[in-house]
Structure formats: structure tokens, C-alpha cells
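Heads up: the structure comes next, in C-alpha cells.
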Amino acid sequence: MFEKILIANRGEIALRINRACKEMGIATVAVHSTADADAMHVRLADESVCIGPPPAAQSYLNIPQIIAACEITGAEAIHPGYGFLSENARFAEIVREHGISFIGPTPEHIRLMGDKIAAKQAVKGVGIPTVPGSDGAVGSDADAARIAEGIEYPVLVKAAAGGGGRGMKVARQPSDLSLALTTARSEAKAAFGDDAVYMEKYLERPRHIEVQIIADQFGKVLHLGERDCSLQRRHQKVWEEAPSPALNAIQREEIGATVTHALQKLGYLGVGTVEFLYEDGHFYFIEMNTRLQVEHPVTEAITGLDIVREQIRVAAGGSIEMEQSDIVISGHAIECRVNAENAFTFRPSPGKITHFHAPGGLGVRFDSAIYDGYRIPPYYDILAGKLIVHGRNRNEALMRLRRSLDELVIDGIETTVPLFQMLVREPDIINGEYHIHWLEHFLAARGA
């Protein structure tokens, strides 16, 4: 097992990783920008190293500085968390070239799954169902038009590189296609430096279902059930829950077995999440995230497993000590991403927190790095915290979430708490009858 791990991230995920390390008896190193000198992950780590000024490109994305921090402190491994360098294959290669362990999958798998076209072709080859669409990047507008006619409108034009909703445009009819292609290519080039796009059938009312897996170097792959992440705004997840209210036990087991068998064939290592669109009883692969997910606590709540701990164990060469039959789904869990932004205009709201009170009680968890007097900087992600609740069933989880949202106090900045206080009382949400476009329609109806 590692004796010292450097956490190449900030905020709540850095704190989350620090906690897992401490419980495993592993010393920790926090890296930080000058803007994060007073951050909670810096305060609680065993050591800290300043790696640059506030802009992420000069600090949290500064690979030479991060490697130097490892060498200075003697850290044997780097945990990248999520975001920043977590899915940067070149970073993973550089880490290993310096004799440091990367707590994540191989650079080859990061690179493969980072290319949406190559990923789709790879998973299709190992038995994972995919959305009907182009076999690769589309060329001319004429070629795109032929493909679109073959899969039928509406179609979705998507950037081959990157994610987060950038470089994604819908063409509902032939006259929309040229503009969708031009716009998607332009956005993809600006965001990812690559204007390659591909096309898929656009599904009107799908759910977003993802399967959490963990794999060791000995070929064992387990799935930890699924999460439903269908409540989204501009392709960004807002609310996640597990199990999905849209699946039954048979469907759950079938998609879990499909994913585990496929990743065994690919020789995957570490934790990962395979994401699907689900509509009319069918699953369609959209992407795989080769890192820890923001919403991993939802799965931890229903399985009782510490996913970060298991991730560290397999990265250190350990074997998974469980069998699939040992993974028991218990109860229901929901997570709300509490962002530092206006609940309805979504205008960012960095600033000083004048008063903070976290909810508590049975089945309540609030993952956050904020505290009274903390100033949320304007340079990074706007996630202020994650409220996770667990109940014996979905109704109990919803009532516990309602109560916890009413207890949560974050003064001095605006947050998305008022939005969740509305959503938890909406009949469609209570009944589990929503899809990936539901929240956009709800906000549009309110004029947001």
C-alpha cells in the first residue's frame, strides 16, 4: 500500500480523497493555488505545496509543478480526483514515466474513452449497445445528410473530443443540419482544439443511466449498480439517484452484466462509469468516464462501499476482495449538486460565506469544503457542496431530502438550494417520471 499520496485537485473532492487516505493510514499532500491557501483540503492534509497563481492553467493544470511537488514531498502516487487532469492521458503517462503511481486507469484506456468515436467503436466490439449513428467522424455536409437520412431525423451532432455538452447540436429536419454541423464544429474546435464531429439518432425522452464499475489488474470487474442522472441542465447533471426509478431488477442485472463482461474484454483497470441513454426498454452507450464521478456518493450510500478506498487499493496492486454476489443494493439514495449560483438564472455567485450550517441526522451526508468565513474564489468550478440522503425506499429518501434542504444554510452567496426545494415537491419528480429534457422544459415554463 502507498505510504503517501498527493491529491492533484481542490475543493470537496480533494477533501473526500483526503478522508479516505486518512482512514487507510496513508499520509496526504495537498497542492493548491495562491487563491486556495486557506482551503479546507489544505488545512486537513498532512503537507501542502503551493503550485502557482489562481488561474488553473498555471496551477491545477500545471503538470511540471505537480510532478515537482511529488518529488519534493516523496509522494508515491497521485490521485487526480475529477475534472482538471483526471482524464488527461498524457498526464497519466508523465506520472508513470517519473516512477509515480497514477490512481486511475491506464493512459491507453483514458485516451481511448476520451475519443468519443473510438470509444463507441470499441464498446460496440465488446457487446455494449450503441446509439444508431455514423461509424466515425462525418466529412462533408453531403455525407452528413446521407447519414442523417439513414438514421432518420432528429439527429444529434456531437464533438468527438471532450464533453460537458459543448459541441452538441440537434438537427430536427434536413434544413437544420448545415447550421448544426457548422456550430458544433466551431464549438468543438474552440473547446477541445479538435473540430471532428459525429452523428447519432436524437432520442426524444430518454433517461440518463450510468453503471459504476471497479476493476483490478487480475481481470476481475464488478458493477456497483446504476445511477439515474436524468435531471440535467445544458447537459450538466443536477440531481442523481440510485437505483433508477425507471429500471426493474432484471434490466438492472442485464445491463450490469453486459458492462462488466465488456470491460473484462477491454482489460480495464480502476474505477469507471459507463453512461447510457435509456428509452423504451433499450440502452444506448454514450460515453465512459475513466475517473471518479462527482455522484459516486450515491452508489456508496446504497452499497456501503467506500469507492475511493477501493480505487486506491486496486491502484496499489491489490485485488478486489468481493464477488458480484456480495454487492447488495440497499434502499435508495439521492444527491443534489448545490452550486454557488442563482437558482434560476444560474448566474455564478462566488464570494464570502457569512454563515454555514450543514443538515444532519440519519442517512444525511453533505460533502463540501466550505466553512464559515470561507471565500469561494471566482476561478474554478462553482460546486459548493453535495447533499446526499439515503432512505429505506425512494419515498423515505425524498422526504429526508426535503427536510435536509430546509435545514441547509449557506448565507453570503446565492445557491441552487431553492431550485431543489421546488423539485423535491414536483409531482413528476416524486413519481420518478422525468427524462433528460424535463428540467430544461420546467425551467423554460418558469421563464428561467
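Scan the chain and hand back the longest stretch that contains none of the trypsin sites (Lys or Arg not before Pro) lying in DSSP loops with at most 13 other Cβ atoms within 10 Å. In the chain, the maximal stretch lacking such sites is 1-171. In order along the range 413-420, the phi-based Karplus estimate (6.51 cos²θ - 1.76 cosθ + 1.60, θ = phi - 60°) of 3J(HN,Hα) comes to 9, 8, 9, 8, 4, x, 5, 5 Hz; Gly and Pro are listed as x. For LYS237, no residue 5 or more places off, or on another chain, has a built amide H under 5 Å of its own.
Apolar share of the accessible surface for the chain: 50 percent from carbon plus sulfur atoms, 1.4 Å probe. Average accessible surface for the chain: 39 Å² per residue, computed with a 1.4 Å probe over protein heavy atoms with every protein chain in place.
When the listed pairs LYS201/LYS265; LYS4/LYS220; LYS124/LYS201; LYS220/LYS386; LYS220/LYS265 are checked against a 22 Å cut-off, the alpha-carbon distance exceeds it for LYS201/LYS265; LYS4/LYS220; LYS220/LYS386. Working from Cα pairs under 8 Å separated by at least six residues, relative contact order for the range 280-359 is 25 percent. Think of the range 188-319 as having a plus end and a minus end, set by charges on the Cβ of Lys, Arg, Asp and Glu; of HIS261, TYR202, ALA246, HIS261 sits farthest toward the positive end of this dipole. Over all pairs of different C-alpha atoms in the range 83-141, the reciprocal of the mean inverse distance, the Kirkwood hydrodynamic radius, equals 13.2 Å. Taking amide H as placed 1.01 Å from N in the peptide plane, GLY52 has its amide H under 5 Å from the amide H of THR34, each at least 5 places away in sequence or on another chain. The convex hull drawn around the Cα atoms of the range 321-364, when projected onto a plane and averaged over every direction, covers 6.4 nm².
Charge dipole (Cα centre; +1 on Lys/Arg Cβ, -1 on Asp/Glu Cβ; no other charges) of the chain amounts to roughly 520 debye.
The ratio of the alpha-carbon radius of gyration of the range 169-323 to the globular-protein estimate 2.2 N^0.38 Å is 1.17.
The values are calculated or read from the model by the stated rules, or taken from the named source; none is laboratory data. Model, not experiment: these values are computed from the prediction. Cβ sites come from the backbone with ideal geometry, for glycine too, and all protein chains shown count toward neighbours. Please note that ligands, DNA and RNA were not included when accessible areas were found on the heavy atoms of the full protein model with its side chains. Shrake-Rupley method; radii C 1.70, N 1.55, O 1.52, S 1.80 Å.
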